[in-house]
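**Student:** Pasting a structure here, questions to come.
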Amino acid sequence: MKISTNWLADYISLEGLTPQEIAEKMTSGGIEIDAVEAMDKGVSGVVVGYVKEKTKHPDADKLNVCKVDVGAGEDLQIVCGAANVDAGQHVPVATVGAKLPGGLAIKRAKLRGVESQGMICSARELGLNDKLLPKELQEGILVLPKLELGRPIVDVLDLGAHVLELDLTPNRSDALSYLGVAYEIGALTGRPVKLPESAVFGAADKTADRLSVRIDAREACAHYSARYIRGVQVAPSPLWLQNRLMAAGIRPINNIVDVTNYVMLEYGQPLHAFDADRVAGGSIVVRFAREGEELETLDGQLRKLQPHMLVIADGERAIGLAGVMGGANSEVDGDTTNVILESAKFDGSVVRRTSRQLGLRSEASLRFEKEVDPARVIPALDRAASLIAKLGSGLVTDGIAEDVARTYEPVVIEVSLERISGYLGADISKLEAQAIFGRLGFDSEVGDGSLRVQVPTRRGDISRDVDLIEEIARLYGYDNIKATPIVGETTPGSLTAPQAVRRELRRRLSDAGLHEVISYSFTAPERAGLFPDLAQDAKPIRLAMPMSEERSVLRTSLLPQLLETAAYNRNRKNHDLALFEIGTVFHTDEETLTRLPQEKHRFALLLTGASRSAAWNRKAEKADFYDAKGVLETIFAALGLSGSVSYEAAAPSGLHPGRTAAVKLDGERGAETIGYVGQLHPELQLELGLDDVFVAELELGALYDAADRSIVYRTLPRYPAADRDIAVTVDETVPAAALAAAVREAAGELLESVRVFDVYTGEKLGAGRKSVALALVYRHAERTLTDEEVAAAHAAAVAALEQSFSAELRK
Amino acid sequence: MKERLEALQAEALQELQGVAGPQELGELRIKYLGKKGALTEILRGMGALSAEERPAVGEVANRVRGAIEAVIEEKAAVYRRAETELRLRSETIDVTLPGSALPTGAVHPLNKVAQEIEDIFIGLGYTIAEGPEVETDYYNFEALNLPKDHPARDMQDSFYITDEILMRTQTSPVQIRAMKAMNGKSPLKVICPGKVYRRDDDDATHSFQFNQVEGLVVGKGIRMSDLKGTLLQFVQEMFGKQARIRLRPSFFPFTEPSAEVDVTCSQCGGSGCRMCKQTGWLEILGCGMVHPKVLEAGGYDPEEVTGFAFGMGIERIALLKYGIDDIRHFYAGDLRFLSQFERM
């Protein structure tokens, strides 16, 4: 909403307030002013002139030499290039010394050898928004009506004011009008609001003889009223009216339509004028559209209507789309002599649905959608009728034709002073509260420690005590409310166990050289399906209206996005990546959601390129499977789960079948797979154009429950350990973990630890064989072990390997 | 015997004068002082001496041994020093070559900021509540006082999945869930961080996916002045002790009264600069007193308890804090971006 200060001053005194002060007051009161602009944009020295003569420039085809009278005695000679300039026109003339927007100064000049004492201006050159002007005036100079010569153009076009641009929050639709803004400034300054003149001096003949109105759709229209104005002369509006509409961004059309728009801006009540002679039978009905009904709206579009859309109809057909736009079939034009003027309250949601569905928004629909003030239907009607009668020399017939389906009473709210002060944490006295309501124009009665406040219908946003408290707060000033600490019971702040786990992972992994990423939760359907085992056969969840097919389904695993990130980096020559993400995946078994999907927290990892880059003193080390697995082991160690996790060769789709492990966590029902670690399948790798990529994805939910954060201290060993190694050759397919497990089993309680320290394959061992070396540590907590005890345990371990794996001891 | 000892000393000292290196020094030590050396050889004759003579000869023998040892020690020390000198010289390296640094990674900047915010509020006695990213229309809108035909509920603006289920457009539904979980008990102090989704074309300042942190306090006698006090404390911990706040009346369906909160510009300190568009203030969050209808939806009696709520965009704070020029960087995962957040 754009408000010009000179127009606003019709309704409230702005004396002693600069436009900037008004803007600051309104902003601190809750209506933000986005911009304050001087309407003249720095124009000075431009006056009304009269083109007495036009002759061709002797040396330039496109230029004319004009003799212009600016009321200063001597005529000016001005060279003008506009195609539409002509003798007999009144035009804006920038005289020598004049300033135009942007600080451009007009000087005496010679154009192709002919002297020019100034410039005839176009609307754009004067800083006006010429989009609202007819096309011929956009392309050429601005042609004015007959005016006193020499008058400053700033006066003529009402440019001596400022425009305030309001950024209204959805609740303050009451300020979509000059009166609404005046009431707001009244509340902020304590000044009274002056209502516009709206006395209707009419003809003796009765409206009822010419017009009847009826609401059929009574739930969709609370009040419909109309007046009849006969004998009007349709003509362009006077300049002051055009100026004001243009300042508000509305195109002037004719004196009838312009008045309806003018009064809409004044009251916030949209109005519509019909050509009375094109309304069949002089009867108006407000009803829902019929099945298959059509209407050509004023913008020339043929609209197919639906039965939920409200129309204004005469005896035969629809003549307007209620609250949205009038119909072409009843449009006021140059031949119109009798006018029916409509003012009504249509239901906001009905108008909104219609306007949305047709993609047709208007100044009227914008206001109806937000519910107009029922108390202004008749005053706005009368105001417009009196203005039309005045400007169009018409006569308003006696009486209003109306139908009322619903009446509105002002809301009365009781609020206690204790509640106000307790809610805000500010001591507001009874007098103060009453004064604030008084400034708002709300009547209030003081009771015992409380106020009964009557809220006028123009403030439809106020319906309960807290709404009144907000009015008090914003007018008392948010700045005047102190900052206090919360009193009362204290609460301990903390992280939940899952939050603590996620933070620990982030900290450890970033410390270890990994970078965290956050990906989009939406992905492409084909990418969502890359890892069915990680998606756990969940059905894809599709957005009803995606922004693009690329981002149309919810992710069911994290890896596809992480691969996308790797490709993005590869394209930017970032080849060495160690990335992780902690995020949510969405799983459902429903084709169409009827309940919320399962949201699972997942951890994902991606390594590619060098795990350690080359330097002057070392070669680069390429990331491999064991780097990825090592990250998981680090995580599990941090969570106290090293002993509960095992790895088993696995071949989930999308990963390299020889280089992937299922990660299993011991639980009540045995070891359960909680994720995978492995190398990306070579085919997929090729498709994505990546180097070797090692990835992992884990279910975090399982870890939250199992994580053991307790640290239990054990006394340091007091007796020495005995270290023994075993090196065996076994079949290549024997997992190292199985050898270690067998050793642990066979060596018994004396074995403190076993660790693989070397694995070797080579021709010497023969095809299909490998050598595995294990380091064993034996210890007794309470005494030094004897050589015999160690030898016996160790022999058992060796024997177990020989028996279970046909292991050959290497000497 | 005395004479022989004295002669040995003289001979030894003479020979040690001309010693050529550490190896020869060792050989001389063995020659004179070793188990089979010259001194031992002479002392073997001690047995033939009388008991009166022995102490005197023993004394001479000790003196001779001491004198020879002292010279050997002295020479040995010189050789050791030279050897150390040599070693140090040969082991000298170029200390200006780069060291082998430990690998460094980084927590994502959005999580860094979120954790910082979380920690401030944990210190103020808040817990962290989380909720689903896919929400019901009821929790996301209706319970928050956005009735069915509210313009903010347009299909165009939200990612609906079905008519009743959508991607949450704000973290506020978590507030309702957190209130319900209290079963009417108070006080409740939570913050709710998380991802939210709005149907918006991506550009340098807009992203269809972004993060919010909201806070909620419900209890007996919670006042708007407490909201102001809480926010002031928060911004001073987040942006420094000199930070000030300004509340401007605004509108949110779920709070009444509502306010937008500006904080003094972190770049210029309030004097006006390009970042704050010369106003000296940066808009960083929205807040207000919890609307009675929202308290009711959360299972509270609005006559019994009151509450305040506030919310902010984590991206916005991160953009301001680090001076990042494009919001899309947060989601692209470019290593050159991520690695800029490795500092503490």
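**Student:** Of the residues B:GLU83, B:GLU41, B:GLU52, only one is touching a Pro at 6+ places or on another chain (Cβ under 9 Å), charged (D, E, K, R) and farther than 30 Å from A:SER613 by Cβ; which?
**Tutor:** Answer to the selection: B:GLU83.
**Student:** Here is a further query. Got a sec? Which of A:TYR719, A:TYR713 is hydroxyl-bearing (Ser, Thr, Tyr) and touching an Asp or Glu at 6+ places or on another chain (Cβ under 8 Å)?
**Tutor:** Answer to the selection: A:TYR719.
**Student:** Right, another one. Please verify whether the range A:551-561 includes one or more residues that are at the interface with chain B (Cβ under 8 Å from one of its Cβ atoms), surrounded by 15 or more Cβ atoms within 10 Å (Cβ to Cβ) and in contact with a Leu (Cβ under 7 Å, 6 or more places away or on another chain).
**Tutor:** There is no residue in the range A:551-561 that is at the interface with chain B (Cβ under 8 Å from one of its Cβ atoms), surrounded by 15 or more Cβ atoms within 10 Å (Cβ to Cβ) and in contact with a Leu (Cβ under 7 Å, 6 or more places away or on another chain).
**Student:** Within the range B:101-111, how many residues are out of contact with any helix residue (DSSP H, G or I) (no Cβ under 6 Å at 6 or more places or on another chain) and touching a residue at least 40 places away in the same chain (Cβ under 8 Å)?
**Tutor:** Total satisfying the criteria: 2.
**Student:** Now for a different question. Take A:LEU395 and tell me if it is assigned by the TED database to the domain that holds A:LYS345, touching a Pro at 6+ places or on another chain (Cβ under 8 Å) and not acidic (Asp, Glu).
**Tutor:** Here the answer is no, as A:LEU395 does not meet what is asked.
**Student:** Applying the selection to the range A:504-516, what residues are within 7 Å of another protein chain (Cβ to nearest Cβ) and touching a helix residue (DSSP H, G or I) at 6+ places or on another chain (Cβ under 8 Å)?
**Tutor:** Passing the criteria: A:ARG506, A:LEU509, A:ALA512, A:LEU514, A:HIS515, A:GLU516.
**Student:** Can I ask one more? Can you name the residue in the range A:443-478 that is of a type in the set (Asp, Glu) and within 7 Å of another protein chain (Cβ to nearest Cβ) and is also farthest from B:SER225 (Cα to Cα) among such residues?
**Tutor:** If we take residues in the range A:443-478 being of a type in the set (Asp, Glu) and within 7 Å of another protein chain (Cβ to nearest Cβ), then A:ASP467 is farthest from B:SER225 (Cα to Cα).
**Student:** Ok, one more. Collect the residues in the range B:208-234 that are of a type outside the set (Asp, Glu), crowded, with 20+ Cβ neighbours inside 10 Å and more than 9 Å from chain A (Cβ to nearest Cβ), keeping them in residue-number order.
**Tutor:** B:GLN212, B:VAL213, B:GLY215, B:LEU216, B:VAL218, B:PHE234
**Student:** Shifting gears a bit: Taking A:MET26 and the conditions (1) of a type in the set (A, V, I, L, M); (2) surrounded by 13 or more Cβ atoms within 10 Å (Cβ to Cβ); (3) not in a helix (DSSP H, G or I), which numbered condition does it fall short on, given that it satisfies the others?
**Tutor:** (3)
**Student:** Which members of the range A:1-23 meet the condition of being part of a helix (DSSP H, G or I) and either among the hydroxyl-bearing types (Ser, Thr, Tyr) or in contact with a Lys or Arg (Cβ under 7 Å, 6 or more places away or on another chain) (or both)?
**Tutor:** A:THR5, A:TRP7
**Student:** Same structure, new question: Looking at A:PRO525, A:PRO492, A:PRO532, A:PRO485, which is the one that is assigned by the TED database to the domain that holds A:ALA702, of a type outside the set (Lys, Arg) and free of Cβ contacts under 8 Å to residues at least 40 places away in the same chain?
**Tutor:** Going through A:PRO525, A:PRO492, A:PRO532, A:PRO485 in turn, just one is assigned by the TED database to the domain that holds A:ALA702, of a type outside the set (Lys, Arg) and free of Cβ contacts under 8 Å to residues at least 40 places away in the same chain: A:PRO525.
**Student:** When the residues of the range B:119-133 are narrowed to those that are in contact with a Gly (Cβ under 8 Å, 6 or more places away or on another chain) and part of a loop (DSSP other than H, G, I, E, B), which ends up farthest from A:LEU495 (Cα to Cα)?
**Tutor:** By that ranking, first place goes to B:GLU133.
**Student:** Residues B:MET238, B:MET224, B:MET182: which one is under 28 Å from the mean Cα position of the chain (by Cα) and of a type outside the set (S, T, N, Q)?
**Tutor:** Every option except B:MET238 fails the conditions.
**Student:** Filter the range A:520-552 for residues that are in contact with a Pro (Cβ under 7 Å, 6 or more places away or on another chain) and over 24 Å from A:LEU690 (Cα atoms) and give the result.
**Tutor:** Hits for the range A:520-552 are A:PRO540, A:ILE541, A:SER552.
**Student:** A follow-up question, please. Can you tell me which residue in the range A:335-360 is farthest from the other protein chains (Cβ to nearest Cβ), limited to those that are under 34 Å from the mean Cα position of the chain (by Cα) and of a type in the set (A, V, I, L, M, F, W, C)?
**Tutor:** Filtering first and then ranking leaves A:ALA344.
**Student:** Taking only pairs six or more apart or across chains, which ones have beta-carbon atoms under 6 Å, a first residue in the range B:180-208 that is assigned by the TED database to the domain that holds B:ILE222, and a second residue that is in a loop (DSSP other than H, G, I, E, B) and aliphatic (A, V, I, L, M)?
**Tutor:** So the pair list comes out as B:SER186/B:VAL305; B:LEU188/B:MET182; B:VAL190/B:ALA129; B:CYS192/B:ALA129; B:THR205/B:ILE327; B:SER207/B:ILE327.
**Student:** Then there is this: Find the residue count for the range A:29-66, including only residues that are of a type in the set (Gly, Ala, Ser), surrounded by fewer than 19 Cβ atoms within 10 Å (Cβ to Cβ) and away from every other protein chain (no Cβ under 14 Å).
**Tutor:** So the answer is 5.
**Student:** OK, next. Can you find, within the range B:95-124, the residue that is nearest to B:GLN23 (Cα to Cα) among those that are loosely packed, with under 11 Cβ neighbours inside 10 Å and more than 10 Å from every other protein chain (Cβ to nearest Cβ)?
**Tutor:** Among them, the one singled out is B:VAL95.
**Student:** Continuing with this model, one more query. Tally time: how many residues in the range A:517-526 are more than 7 Å from chain B (Cβ to nearest Cβ) and in a loop (DSSP other than H, G, I, E, B)?
**Tutor:** The total comes to 1.
**Student:** Out of the residues in the range A:442-460 meeting the condition of being crowded, with 19+ Cβ neighbours inside 10 Å and charged (D, E, K, R), tell me which one is farthest from A:ILE428 (Cα to Cα).
**Tutor:** Once the filter is applied, the top-ranked residue is A:ARG458.
**Student:** For A:ALA497, only one of the following conditions fails: (1) among the small types (Gly, Ala, Ser); (2) more than 9 Å from every other protein chain (Cβ to nearest Cβ); (3) surrounded by 21 or more Cβ atoms within 10 Å (Cβ to Cβ). What is its number?
**Tutor:** (3)
**Student:** Please indicate, with yes or no, whether at least one residue in the range B:89-104 is of a type in the set (Ser, Thr, Tyr), at pLDDT below 90, farther than 30 Å from A:ALA610 by Cβ and not in a helix (DSSP H, G or I).
**Tutor:** no
**Student:** Next question. Looking at the range A:314-322, is at least one residue in a strand (DSSP E or B), in contact with a Lys or Arg (Cβ under 8 Å, 6 or more places away or on another chain) and closer than 30 Å to A:THR169 by Cβ?
**Tutor:** Looking through the range A:314-322, at least one residue is in a strand (DSSP E or B), in contact with a Lys or Arg (Cβ under 8 Å, 6 or more places away or on another chain) and closer than 30 Å to A:THR169 by Cβ.
**Student:** From the set of residues in the range B:165-207 that are polar (S, T, N, Q) and within 10 Å of another protein chain (Cβ to nearest Cβ), which is farthest from B:ASP137 (Cα to Cα)?
**Tutor:** My answer is B:SER186.
**Student:** Identify all residues within the range A:579-598 that are of a type outside the set (A, V, I, L, M, F, W, C) and crowded, with 17+ Cβ neighbours inside 10 Å; write none if there are none.
**Tutor:** Of everything in the range A:579-598, those that are of a type outside the set (A, V, I, L, M, F, W, C) and crowded, with 17+ Cβ neighbours inside 10 Å turn out to be A:GLU581, A:GLY583, A:THR584, A:HIS587, A:THR588, A:PRO597.
**Student:** Looking only at strands (runs of 3 or more DSSP E) that lie completely in the range A:361-425, which have at least 3 residues being within 14 Å of another protein chain (Cβ to nearest Cβ)?
**Tutor:** Those strands (runs of 3 or more DSSP E) span A:411-416.
**Student:** Please go through the range A:583-597 and pick out each residue that is without any contact (Cβ under 8 Å) to a residue 60 or more places away in the chain and within 17 Å of A:GLY675 (Cβ to Cβ).
**Tutor:** A:VAL585, A:HIS587
**Student:** If I go through the range B:159-176 residue by residue, how many of them are surrounded by fewer than 23 Cβ atoms within 10 Å (Cβ to Cβ), more than 18 Å from A:TYR520 (Cβ to Cβ) and among the β-branched types (Val, Ile, Thr)?
**Tutor:** Residues meeting the conditions: 2.
The values are calculated or read from the model by the stated rules, or taken from the named source; none is laboratory data. Not measured: the values here are computed from a predicted model. Cβ coordinates were reconstructed from backbone atoms using ideal geometry, including for glycine residues, and neighbour counts include every protein chain displayed.
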